[in-house]
Amino acid sequence: MKIVLITGVSGSGKSLALNVLEDAGYYCVDNLPSRFLPELAIYLGTQNYSRLAVAIDARSGSSLAELPPIIGGLRRFGHDVRVLFLNATTQTLVQRFSETRRRHPLSVTGDDTLSPTGSLVEAIEKEREMLSSVTELGHQIDTSNLRASALRRWIREFVQHDQTGLTLMFESFGFKHGVPLDADLVFDVRSLPNPYYDMQLRPLTGRDQPVIDFLSAIPEVDEMINDIAAYLQKWLPSYMRDNRSYLTVAIGCTGGQHRSVFISETLGERFRNEASVLVRHRELAPPSEAKS
(Lines give C-alpha, C1' and ligand atoms only; values in the text may rest on other atoms or scores of the structure.)
Protein backbone atom coordinates (compact mmCIF):
# COMPACT_ATOMS: atom_id res chain seq x y z
CA MET A 1 0.00 0.00 0.00
CA LYS A 2 1.13 3.55 -0.70
CA ILE A 3 0.80 5.48 2.57
CA VAL A 4 1.26 9.24 2.94
CA LEU A 5 1.44 10.62 6.47
CA ILE A 6 0.70 14.33 6.73
CA THR A 7 1.86 16.08 9.86
CA GLY A 8 2.97 19.55 10.89
CA VAL A 9 1.80 22.60 12.81
CA SER A 10 -1.84 23.62 12.91
CA GLY A 11 -2.69 26.21 10.28
CA SER A 12 0.08 25.12 7.90
CA GLY A 13 -2.19 23.49 5.31
CA LYS A 14 -2.80 19.89 6.41
CA SER A 15 -6.49 20.02 5.49
CA LEU A 16 -5.62 21.30 2.02
CA ALA A 17 -3.10 18.47 1.65
CA LEU A 18 -5.71 15.88 2.61
CA ASN A 19 -8.13 17.34 0.04
CA VAL A 20 -5.47 17.09 -2.68
CA LEU A 21 -4.80 13.45 -1.84
CA GLU A 22 -8.50 12.63 -1.64
CA ASP A 23 -8.90 14.03 -5.15
CA ALA A 24 -5.96 11.83 -6.20
CA GLY A 25 -7.77 8.68 -5.06
CA TYR A 26 -6.39 8.23 -1.55
CA TYR A 27 -8.49 6.95 1.35
CA CYS A 28 -8.10 9.88 3.77
CA VAL A 29 -8.31 9.97 7.56
CA ASP A 30 -7.82 13.07 9.70
CA ASN A 31 -6.48 13.15 13.28
CA LEU A 32 -5.73 9.45 13.64
CA PRO A 33 -3.75 8.47 16.78
CA SER A 34 -0.45 6.98 15.63
CA ARG A 35 -0.94 3.65 17.39
CA PHE A 36 -3.95 2.79 15.21
CA LEU A 37 -2.10 3.27 11.92
CA PRO A 38 -0.96 -0.38 11.47
CA GLU A 39 -4.47 -1.66 12.19
CA LEU A 40 -5.97 0.76 9.68
CA ALA A 41 -3.46 -0.30 7.01
CA ILE A 42 -4.27 -3.98 7.61
CA TYR A 43 -8.01 -3.38 7.45
CA LEU A 44 -7.87 -1.27 4.28
CA GLY A 45 -5.61 -3.89 2.70
CA THR A 46 -8.34 -6.48 3.19
CA GLN A 47 -10.74 -4.07 1.47
CA ASN A 48 -8.42 -3.79 -1.55
CA TYR A 49 -7.40 -0.19 -0.96
CA SER A 50 -3.96 0.64 -2.34
CA ARG A 51 -3.62 4.28 -1.24
CA LEU A 52 -3.97 5.75 2.24
CA ALA A 53 -3.40 9.31 3.48
CA VAL A 54 -3.49 10.07 7.19
CA ALA A 55 -3.15 13.39 9.00
CA ILE A 56 -1.38 12.98 12.34
CA ASP A 57 -0.62 16.02 14.46
CA ALA A 58 -0.20 17.27 18.01
CA ARG A 59 -3.77 16.30 18.87
CA SER A 60 -2.47 12.72 19.02
CA GLY A 61 -0.60 13.67 22.18
CA SER A 62 1.87 11.15 23.61
CA SER A 63 1.25 8.67 20.78
CA LEU A 64 3.39 10.90 18.52
CA ALA A 65 6.47 9.33 20.11
CA GLU A 66 5.35 5.97 18.72
CA LEU A 67 5.29 7.20 15.12
CA PRO A 68 8.97 6.56 14.13
CA PRO A 69 8.94 2.83 15.04
CA ILE A 70 5.46 2.44 13.54
CA ILE A 71 6.71 3.86 10.22
CA GLY A 72 9.66 1.45 10.34
CA GLY A 73 7.33 -1.47 10.93
CA LEU A 74 5.05 -0.51 8.04
CA ARG A 75 8.03 -0.26 5.70
CA ARG A 76 9.30 -3.69 6.79
CA PHE A 77 5.91 -5.09 5.78
CA GLY A 78 6.46 -3.69 2.29
CA HIS A 79 4.37 -0.51 2.43
CA ASP A 80 5.62 2.60 0.63
CA VAL A 81 5.44 5.13 3.47
CA ARG A 82 6.13 8.82 2.87
CA VAL A 83 5.97 11.56 5.48
CA LEU A 84 5.09 15.15 4.63
CA PHE A 85 5.72 17.77 7.33
CA LEU A 86 4.03 21.13 6.75
CA ASN A 87 5.42 24.16 8.53
CA ALA A 88 5.01 27.95 8.60
CA THR A 89 6.40 30.89 10.54
CA THR A 90 4.71 31.83 13.78
CA GLN A 91 3.79 35.24 12.35
CA THR A 92 2.06 33.55 9.40
CA LEU A 93 0.18 31.15 11.68
CA VAL A 94 -1.01 33.98 13.94
CA GLN A 95 -2.32 35.83 10.89
CA ARG A 96 -4.11 32.75 9.55
CA PHE A 97 -5.80 31.97 12.86
CA SER A 98 -6.81 35.61 13.26
CA GLU A 99 -8.30 35.73 9.76
CA THR A 100 -10.30 32.52 10.16
CA ARG A 101 -11.23 33.21 13.80
CA ARG A 102 -10.54 29.56 14.58
CA ARG A 103 -9.09 28.50 17.93
CA HIS A 104 -5.74 26.71 17.99
CA PRO A 105 -6.23 23.05 19.06
CA LEU A 106 -3.85 23.51 22.00
CA SER A 107 -5.17 26.90 23.07
CA VAL A 108 -6.27 26.90 26.71
CA THR A 109 -8.02 30.28 26.75
CA GLY A 110 -11.73 30.44 27.31
CA ASP A 111 -12.44 33.55 25.25
CA ASP A 112 -12.71 34.05 21.52
CA THR A 113 -9.87 36.56 21.26
CA LEU A 114 -6.61 35.33 19.76
CA SER A 115 -3.81 37.61 20.87
CA PRO A 116 -0.58 37.58 18.80
CA THR A 117 1.38 38.01 22.04
CA GLY A 118 -0.67 35.75 24.32
CA SER A 119 -2.07 32.24 24.37
CA LEU A 120 -2.02 31.67 20.62
CA VAL A 121 1.74 32.09 20.31
CA GLU A 122 2.23 29.92 23.39
CA ALA A 123 0.04 27.21 21.86
CA ILE A 124 2.01 27.33 18.60
CA GLU A 125 5.34 27.00 20.42
CA LYS A 126 3.99 24.16 22.56
CA GLU A 127 2.85 22.39 19.40
CA ARG A 128 6.28 22.80 17.78
CA GLU A 129 7.85 21.20 20.84
CA MET A 130 5.42 18.27 20.72
CA LEU A 131 6.16 17.72 17.03
CA SER A 132 9.95 17.92 17.37
CA SER A 133 10.31 14.12 17.28
CA VAL A 134 8.63 13.86 13.86
CA THR A 135 9.97 16.99 12.14
CA GLU A 136 12.86 15.16 10.47
CA LEU A 137 10.96 12.00 9.49
CA GLY A 138 10.18 13.08 5.95
CA HIS A 139 9.93 15.92 3.50
CA GLN A 140 9.25 19.42 4.81
CA ILE A 141 7.35 22.20 3.05
CA ASP A 142 7.30 25.76 4.36
CA THR A 143 3.86 27.10 3.44
CA SER A 144 4.42 30.62 4.83
CA ASN A 145 4.67 32.39 1.45
CA LEU A 146 3.00 29.79 -0.76
CA ARG A 147 -0.15 30.31 -2.76
CA ALA A 148 -2.68 27.53 -2.24
CA SER A 149 -2.29 26.56 -5.90
CA ALA A 150 1.48 26.18 -5.47
CA LEU A 151 1.05 24.03 -2.36
CA ARG A 152 -1.40 21.78 -4.19
CA ARG A 153 1.09 21.41 -7.05
CA TRP A 154 4.00 20.62 -4.73
CA ILE A 155 1.96 18.00 -2.87
CA ARG A 156 0.99 16.31 -6.14
CA GLU A 157 4.67 16.30 -7.16
CA PHE A 158 5.60 14.83 -3.78
CA VAL A 159 3.26 11.85 -4.06
CA GLN A 160 3.84 11.26 -7.78
CA HIS A 161 7.62 11.44 -7.54
CA ASP A 162 9.32 8.06 -7.97
CA GLN A 163 11.46 8.14 -4.85
CA THR A 164 14.39 5.72 -4.72
CA GLY A 165 16.98 6.69 -2.15
CA LEU A 166 17.66 10.36 -1.52
CA THR A 167 15.74 13.02 -3.44
CA LEU A 168 17.67 16.21 -4.12
CA MET A 169 15.35 19.22 -4.08
CA PHE A 170 16.43 22.54 -5.58
CA GLU A 171 14.18 25.39 -4.44
CA SER A 172 14.50 28.99 -5.61
CA PHE A 173 13.27 31.79 -3.37
CA GLY A 174 13.48 35.54 -2.80
CA PHE A 175 15.22 36.81 0.32
CA LYS A 176 12.77 39.70 0.56
CA HIS A 177 10.07 37.10 1.34
CA GLY A 178 12.18 35.21 3.89
CA VAL A 179 14.37 32.11 3.89
CA PRO A 180 12.36 28.84 3.52
CA LEU A 181 11.98 26.93 6.79
CA ASP A 182 12.33 23.65 4.89
CA ALA A 183 15.83 24.41 3.56
CA ASP A 184 18.70 22.11 4.54
CA LEU A 185 21.30 24.18 2.66
CA VAL A 186 20.99 27.84 1.64
CA PHE A 187 23.08 29.56 -1.05
CA ASP A 188 22.90 33.33 -1.54
CA VAL A 189 23.32 34.41 -5.19
CA ARG A 190 22.37 38.08 -4.74
CA SER A 191 25.95 39.14 -5.52
CA LEU A 192 25.48 38.15 -9.19
CA PRO A 193 24.36 40.64 -11.89
CA ASN A 194 20.61 41.07 -11.76
CA PRO A 195 18.47 40.84 -14.94
CA TYR A 196 15.82 42.86 -13.10
CA TYR A 197 17.63 46.08 -14.08
CA ASP A 198 17.21 45.30 -17.77
CA MET A 199 13.71 46.58 -18.60
CA GLN A 200 13.26 43.94 -21.31
CA LEU A 201 14.18 41.11 -18.94
CA ARG A 202 12.39 42.42 -15.84
CA PRO A 203 8.97 40.84 -16.57
CA LEU A 204 10.55 37.48 -17.50
CA THR A 205 11.80 34.67 -15.25
CA GLY A 206 14.89 32.51 -15.05
CA ARG A 207 13.14 29.91 -17.19
CA ASP A 208 12.76 32.24 -20.15
CA GLN A 209 15.39 32.05 -22.89
CA PRO A 210 16.41 35.75 -22.92
CA VAL A 211 17.19 35.57 -19.18
CA ILE A 212 18.99 32.24 -19.67
CA ASP A 213 21.12 33.79 -22.41
CA PHE A 214 21.86 36.86 -20.27
CA LEU A 215 23.01 34.87 -17.22
CA SER A 216 24.83 32.18 -19.20
CA ALA A 217 27.10 34.82 -20.72
CA ILE A 218 28.37 36.01 -17.32
CA PRO A 219 31.48 34.16 -16.04
CA GLU A 220 30.65 34.84 -12.37
CA VAL A 221 27.33 33.04 -12.73
CA ASP A 222 29.06 29.97 -14.12
CA GLU A 223 31.61 30.10 -11.30
CA MET A 224 28.87 30.30 -8.68
CA ILE A 225 27.08 27.30 -10.18
CA ASN A 226 30.32 25.31 -10.33
CA ASP A 227 31.16 26.13 -6.70
CA ILE A 228 27.73 25.06 -5.45
CA ALA A 229 27.88 21.90 -7.57
CA ALA A 230 31.35 21.08 -6.23
CA TYR A 231 30.13 21.41 -2.65
CA LEU A 232 27.16 19.14 -3.32
CA GLN A 233 29.23 16.56 -5.17
CA LYS A 234 31.63 16.38 -2.22
CA TRP A 235 29.00 16.07 0.52
CA LEU A 236 26.09 14.33 -1.24
CA PRO A 237 27.47 10.84 -0.42
CA SER A 238 27.56 11.82 3.26
CA TYR A 239 23.92 12.90 3.18
CA MET A 240 23.02 9.64 1.46
CA ARG A 241 24.78 7.61 4.16
CA ASP A 242 22.73 9.53 6.72
CA ASN A 243 19.63 7.73 5.33
CA ARG A 244 17.91 10.97 4.41
CA SER A 245 14.89 10.80 2.13
CA TYR A 246 15.13 14.45 1.01
CA LEU A 247 17.81 17.13 0.88
CA THR A 248 16.46 20.61 0.11
CA VAL A 249 18.97 23.03 -1.41
CA ALA A 250 17.56 26.57 -1.38
CA ILE A 251 18.96 29.10 -3.86
CA GLY A 252 18.07 32.68 -3.01
CA CYS A 253 18.23 35.98 -4.89
CA THR A 254 16.44 39.23 -4.10
CA GLY A 255 13.00 38.53 -5.56
CA GLY A 256 13.20 34.85 -6.46
CA GLN A 257 12.36 35.48 -10.13
CA HIS A 258 15.55 35.48 -12.22
CA ARG A 259 18.94 34.39 -10.84
CA SER A 260 17.81 31.85 -8.25
CA VAL A 261 15.37 30.29 -10.73
CA PHE A 262 18.01 29.96 -13.46
CA ILE A 263 20.61 28.49 -11.09
CA SER A 264 18.13 26.05 -9.53
CA GLU A 265 17.11 24.79 -12.96
CA THR A 266 20.75 24.50 -14.06
CA LEU A 267 21.77 22.57 -10.94
CA GLY A 268 18.74 20.31 -11.28
CA GLU A 269 19.80 19.31 -14.78
CA ARG A 270 23.40 18.80 -13.67
CA PHE A 271 22.50 16.38 -10.88
CA ARG A 272 19.77 14.35 -12.58
CA ASN A 273 22.20 11.51 -13.27
CA GLU A 274 23.51 11.47 -9.69
CA ALA A 275 20.31 11.57 -7.63
CA SER A 276 16.55 11.73 -7.85
CA VAL A 277 15.90 15.44 -8.51
CA LEU A 278 12.97 17.81 -8.06
CA VAL A 279 13.06 21.55 -8.86
CA ARG A 280 10.53 24.05 -7.56
CA HIS A 281 10.22 27.84 -7.42
CA ARG A 282 8.54 29.39 -4.40
CA GLU A 283 7.94 32.85 -5.81
CA LEU A 284 6.76 31.92 -9.32
CA ALA A 285 3.09 31.48 -10.09
CA PRO A 286 2.02 28.61 -12.34
CA PRO A 287 1.78 29.64 -16.03
CA SER A 288 -2.03 29.71 -15.82
CA GLU A 289 -1.95 32.18 -12.93
CA ALA A 290 0.84 34.28 -14.41
CA LYS A 291 -1.27 35.00 -17.49
CA SER A 292 -4.45 35.80 -15.60
Query raised in the report: How far, in nm, would the chain grow between Gln95 and Ile218 when pulled straight, counting 0.36 nm per residue and subtracting the alpha carbon separation?
Result: 40.1 nm
Report summary line: Only helices counted: for the chain, with every DSSP H run of 4 or more residues adding -39500 (n - 2.57) and the sum spread over all residues, [θ] at 222 nm is -12000 deg cm²/dmol
Query raised in the report: Taking the Cα-to-Cβ direction at Asp227 and at Gln47 and moving 7 Å from each Cα, how far apart do the two end points lie in nm?
Result: 5.6 nm
Requested in this report: For the chain, compute the number of Lys pairs whose alpha carbons are separated by less than 29 Å, excluding pairs fewer than 8 positions apart on the same chain.
Outcome: 6
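Using 0.36 nm per residue of separation minus the Cα-Cα distance, give me the extension gain between Ser149 and Asn243 in nm, one decimal.
30.7 nm
So for each of 168-177, 133-142 I average, over its residues, the number of other beta carbons within 10 Å; can you give me the resulting order with the highest mean first? Could you put the intermediate results ahead of the total?
Details: 168-177: 22.3, 133-142: 19.6.
Taking the mean over residues of other Cβ atoms within 10 Å, the ranking is 168-177, 133-142.
Could you tell me what percent of the accessible area of the chain is made up of carbon and sulfur, with a 1.4 Å probe and every protein chain present? Mind dumping the intermediate values first?
Working: 6940 of 14230 Å².
C and S atoms contribute 49 percent here.
Rounded to the nearest 0.05, what FRET efficiency do Leu236 and Asp23 give with R0 = 41 Å and r taken as the Cβ-Cβ distance? Could you check?
On the way: r = 35 Å, r/R0 = 0.84.
Efficiency computed from Cβ-Cβ geometry: 0.75.
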Query raised in the report: Over the chain, what is the relative contact order in whole percent, taking alpha-carbon pairs under 8 Å and six or more residues apart?
Result: 20 percent
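How high is the relative contact order of the stretch 165-292? Use alpha-carbon pairs under 8 Å, at least six apart in sequence, and give a whole percent. Intermediate results must be reported in sequence, preceding the final value.
Values: 201 pairs, mean separation 64.7, N = 128.
Reported as a whole number, the value is 51 percent.
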Report task. Apply 1/(1 + (r/R0)^6) to the Cβ-Cβ distance of Met199 and Lys176, taking R0 = 25 Å, and write down the FRET efficiency to the nearest 0.05. Result -> 0.80
Requested in this report: Give me the distance in nm between label points sitting 7 Å out from Cα along the Cα-to-Cβ direction at Glu39 and Thr135, one decimal.
Outcome: 3.2 nm
Requested in this report: For Asp208 paired with Arg190, estimate the spin-label separation in nm (one decimal), with each label point 7 Å from Cα along the Cα-to-Cβ line.
Outcome: 2.4 nm
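If each residue of separation counts as 0.36 nm, what is the full-extension length gain between Glu157 and Arg76 once their alpha-carbon separation is subtracted? Mind dumping the intermediate values first?
Details: separation 81, 0.36 × 81 = 29.16 nm, distance 2.48 nm.
Length gained between Glu157 and Arg76: 26.7 nm.
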Query raised in the report: Heavy-atom accessible area per residue, the chain, 1.4 Å probe: how many Å²?
Result: 49 Å²
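The values are calculated or read from the model by the stated rules, or taken from the named source; none is laboratory data. Since this is a predicted model, take the numbers as computed values, not measurements. Virtual Cβ from ideal backbone geometry, glycine too; neighbours counted across all protein chains shown. These accessible areas exclude ligands, DNA and RNA; they are computed on the full protein's heavy atoms, side chains included. Shrake-Rupley method; radii C 1.70, N 1.55, O 1.52, S 1.80 Å.
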